[in-house]
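Values in this text are rule-based calculations from the coordinates and carry no lab data. Just so it is clear, the structure is predicted and the values come from calculations on it, not from any experiment. When we count neighbours, we look across all protein chains shown, and the Cβ atoms used for this are built from the backbone with ideal geometry, even at glycine.
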Amino acid sequence: MATRLKDVDAVMVGMGWTGAILARELTKAGLNVVGLERGPDRTPGENFILPAIRDELRYVQRLELMQDNSVDTITFRNAASEMALPIRRFGAFLPGEGVGGSGIHWGALHWRFTPADFRIRSHISERYGTKAISEDMTIQDWPLSYAELEPYYDKFDKICGASGKAGNLKGKIVVGGNPFEGPRSDDYPNKPIKSAAPSLMFAEAAKSLGYHPFPAPVAIASAPYKNPEGIALGECQYCGYCNRIGCEANSKASANNTIMPMLRSEPKFSLRTRAFVTKLNYDKASKKATGVVYTDMRTGEEYEQPANLVVLTSYVFSNTQALLLAGIGEPYDRATGKGVVGKNYCYQFEAGAAAFFEDKEWNTYMGSAGVGMCIDDFNGENFDHSGLGFFGGGYFFCGQAAAPPIAGRNVPHGTPRWGSEWKRATVKWYPRFARFNTQGSVYANRENFMDLDPTYKDVFGRPLIRMTYNGTENDHKMSRYLLGKLEEIIKAMNPTHYEMYPRPRNFTIVPYQSTHNTGGTMMGADPKTSVVNRYLQAWDADNLFIMGASVFPQQHGYNPTGTLCALAYWSANAITEKYLKNPGPLVHA
Amino acid sequence: MRQLIVPGLSGAAAVVTMANAVLAADAARGQQVFAACAACHSEHAGGIGPPLKGVVGRKSAAVESYRYSGPMRRANLIWDESNLREFISDPQDKVPGNRMPFGGLHEQRDIDDVIAFLKTQN
């Protein structure tokens, strides 16, 4: 029997980026907030420090900061006709665990979606005709506009000390920035991070073909910086230990170093780690969430935490699972296309390339996940899709994330995988390669969704989330088109040798691709086709708010964190400015 | 003695020579230089480096809540001006194996000013 704890004003389920943002904003508004985190606490001082942090084996290969699959995982299948099997070790994507969540180990690429992305269904219908979108493509307009979200994008830029160059300042195009981005109210707080030599070669080649290169926007401070919370961030040292690792220089933004230091000294906030939320309590009659049940992972004891306001701030899978188990919202039914919870699951459709340059020598051991140059000419609706047979696109990126000692041995295809020949090739090519990526969008399809697995359960006996996903014809066509354009740029760089890496026909859960899972509890203007309204408030429980990429109606050709954090600030503002003054539905259907 | 090079005068560099002592240490300027240190050395709990409030004249490894490296715990220094100056100019030379990932300040004036600033933080 769960021990019933004292009522609190608000409870956060998960203390990553969105949990920290909401907890901070709600305590500022005077609420008593409990933050529940299933993993351990993590602070820069204890966990992101030398010499332990520069350990590729521990963090990059053995995934120390990631979700523990032995406690909880998901099951996967490519199609509804197959039987799903549990993922015993994450590969393609790596949900994080512990305070900071996936926002610790991210690459910190810091993007906004374009104004057209926010009304993608309308935009495509207007531009290419009302019959252009096939019936199985279930994309939807966002229930808010870019202009409405812009102040919150700007706010998150400043919290992170983001580095980049504006391409559109208040409607005025700025040379050297991304000319396709939506109008920004302000430039990035820090100048762009330095680009490495291969990235600059890529930019030059792209420019020679008439494209518009610009430095990648990153949530990494390029200079010492103080954020609006009063917290100092350091200058990126280009040490290379970035992806899958916390930042030793206090430069890459995470909730841990931008918001948590203030929350920790906030008396209205209480952090409980190793608190695994197993149940969202829901009163169907009154349409209210009444609190959550969690297990203390150190003792096995169960607690009920009643709360006036429940905020789901966990990862895409857990948010969706919580609703399905609580019976909130109608589960998506693939056969009829009805229902919403679990619908429009999307997974970023990336594809890449590598090029080798015999006559070059670069310091490829240095860098940072976001060090590099991009073009956005082939993203979303930035180009004309007439006659192409697909919609969507993505940005191109040539970066230098630093090549670590174990995984960073790029050798041309056909090189033996071990022995003296491999060693010779490693020595030769290690300082002479460049990597490229296309960050492809995913336009939701009725065949791709999440539901509860009928067979497999977690350690608490709860059914696992089952992912049914495969690349669609649209997304494959889109990706092949992007790779074709990328290949032209690579050829213009005049490499000794290059290789294109198209996506295999069927999605596989290895190797790593991105942790950009989206959908499942999508936001929308109509309760029949969405789970939460424009303020991320559940249609079926006005005191339940859902954060994160699970609210995306589809995934666009950019990394999701910038948008999901802007949405968290947008929602927090609606809660504190509107909901707390007059509790109830913020949108009447 | 050190040299300050002022470029751009009639295509030739003018070389100005001055004694260190001529420049009084400037705590306000030191606070600006300290921005490079502040990311890790902040007053907030859980920072990457220990808080530096009251560090001038303090014993090394004195902040109880901070987990110092072994070499720093064994260093047994008093952070007087001369030790601080040596440490700030080359942290790994002064205390080999300590965990601060910072190459050090190289301009004498920067070091003097930062120490002047730290003295005000008591």
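Shielding value for B:33-43 is 6, the average number of Cβ atoms from other chains within 10 Å of each residue's Cβ. Projecting the alpha carbon convex hull of the range A:280-351 along each direction and taking the average yields 7.6 nm². Where a ≥ b ≥ c are the square roots of the eigenvalues of the C-alpha gyration tensor, would you call the range A:515-583 rounded, which needs a/c under 1.5, or, failing that, prolate if a/b is larger than b/c, or oblate? Verdict is oblate for the range A:515-583.
Across the range A:385-455, counting alpha-carbon atoms alone, Rg and Dmax equal 19.6, 51 Å. Relative contact order for the range A:3-579: 22 percent, from Cα pairs under 8 Å spaced at least 6 residues apart, divided by residue count.
Diffusion coefficient (Stokes-Einstein, Kirkwood radius over C-alpha pairs, 20 °C, 1.002 mPa s) for the range A:428-585: 113 µm²/s, rounded to a whole number. Label separation (A:Val587 vs A:Trp418): 5.6 nm, computed from points 7 Å beyond Cα along the C-beta direction.
Other protein chain C-beta atoms within 10 Å of residue C-beta, averaged over B:47-54: 4. Normalised by residue number, the volume inside the convex hull of the Cα atoms of the range A:40-118 is 148 Å³ per residue. Relative to its residue count, the range A:111-162 spans a Cα convex hull of 85 Å³ per residue. Membrane-span-like helices in chain A, defined here as complete DSSP H runs extending at least 18 Å along the helix axis by their C-alpha atoms with mean Kyte-Doolittle hydropathy no lower than -0.5, are A:561-574; this is a sequence and geometry rule, not a statement about a membrane. The packing ranking of peptides A:247-259, A:454-466, A:33-45, highest mean first, is A:247-259, A:33-45, A:454-466, where packing means the average number of other beta carbon atoms within 10 angstrom of each residue. Per-residue ellipticity at 222 nm, computed for chain A from helices alone with -39500 (n - 2.57) per DSSP H run of at least four residues, works out to -6000 deg cm²/dmol. Per-residue packing, averaged as other Cβ atoms within 10 Å, sorts the ranges A:58-64, A:546-552, A:441-447, A:126-132 into the order A:546-552, A:441-447, A:58-64, A:126-132, beginning with the highest. For the range A:151-229, the list of trypsin sites (Lys or Arg not before Pro) that fall in a loop by DSSP and count at most 12 other C-beta atoms within 10 angstrom reads A:Lys170. Remark: the range A:237-297 carries a charge dipole of roughly 280 debye about the Cα centre, counting +1 on each Lys and Arg Cβ and -1 on each Asp and Glu Cβ. With Rh defined as the Kirkwood radius, the inverse of the mean 1/r over Cα pairs, the Rg/Rh of the protein assembly as shown is 0.98.
Taken residue by residue and averaged, Cβ atoms of other chains lying within 10 Å of the Cβ of A:229-236 number 5.
Amide H contacts for A:Glu350 (H built 1.01 Å from N in the peptide plane; partners 5 or more residues away or on another chain; cut-off under 5 Å): A:Gly440. Which of the residue pairs A:Lys287/A:Lys343; A:Lys194/A:Lys485; A:Lys194/A:Lys423; A:Lys131/A:Lys338; A:Lys288/A:Lys578 have a Cα-Cα distance greater than 27 Å in the structure shown? Flagged as over cut-off: A:Lys194/A:Lys423. Based on Cα atoms of the range A:41-81, Rg over Rh with Rh as the Kirkwood radius reads 1.20. Protection proxy ranking of B:105-112, A:562-569, A:136-143, A:12-19, by the mean of other Cβ atoms within 10 Å over each peptide's residues and highest first, is A:12-19, A:562-569, A:136-143, B:105-112.
Considering only A:Ala196, A:Ala307, A:Tyr469, and ranking their Cα positions along the charge dipole of chain A that arises from unit charges at the beta-carbon of Lys, Arg, Asp and Glu, the one farthest toward the positive end is A:Ala196.
For A:Lys457, the residues whose amide H sits under 5 Å from its own are A:Leu464, ignoring neighbours fewer than 5 places away on the same chain, with H placed 1.01 Å from N. Run through all the Cα pairs of the range A:117-256 and give the fraction in each 5 Å bin from 0, expressed as whole percent. Cα pair-distance distribution for the range A:117-256, in percent: 2, 9, 14, 16, 15, 16, 13, 9, 4, 2, 0. Which one of A:Tyr59, A:Met262, A:Val292 is farthest out on the positive end of the charge dipole of chain A, using unit charges on Cβ (Lys, Arg +1; Asp, Glu -1) and the Cα centre as origin? About the Cα centre, the residue reaching furthest to the positive side is A:Tyr59.
Per the Debye calculation on the range B:25-120 with a single equal scatterer at every Cα and no solvent contribution, log₁₀ I(q)/I(0) for q = 0.12, 0.23, 0.25 Å⁻¹ amounts to -0.33, -1.42, -1.68.
Using only side-chain charges placed at the Cβ, +1 for Lys and Arg and -1 for Asp and Glu, the dipole size of the protein assembly as shown relative to its Cα centre rounds to 680 debye. For the range A:321-367, the convex hull drawn through the C-alpha positions has a volume of 137 cubic angstrom per residue. Simple point charges give the picture: +1 on the Cβ of Lys and Arg, -1 on the Cβ of Asp and Glu, and for the range A:135-290 a dipole about the Cα centre of about 640 debye.
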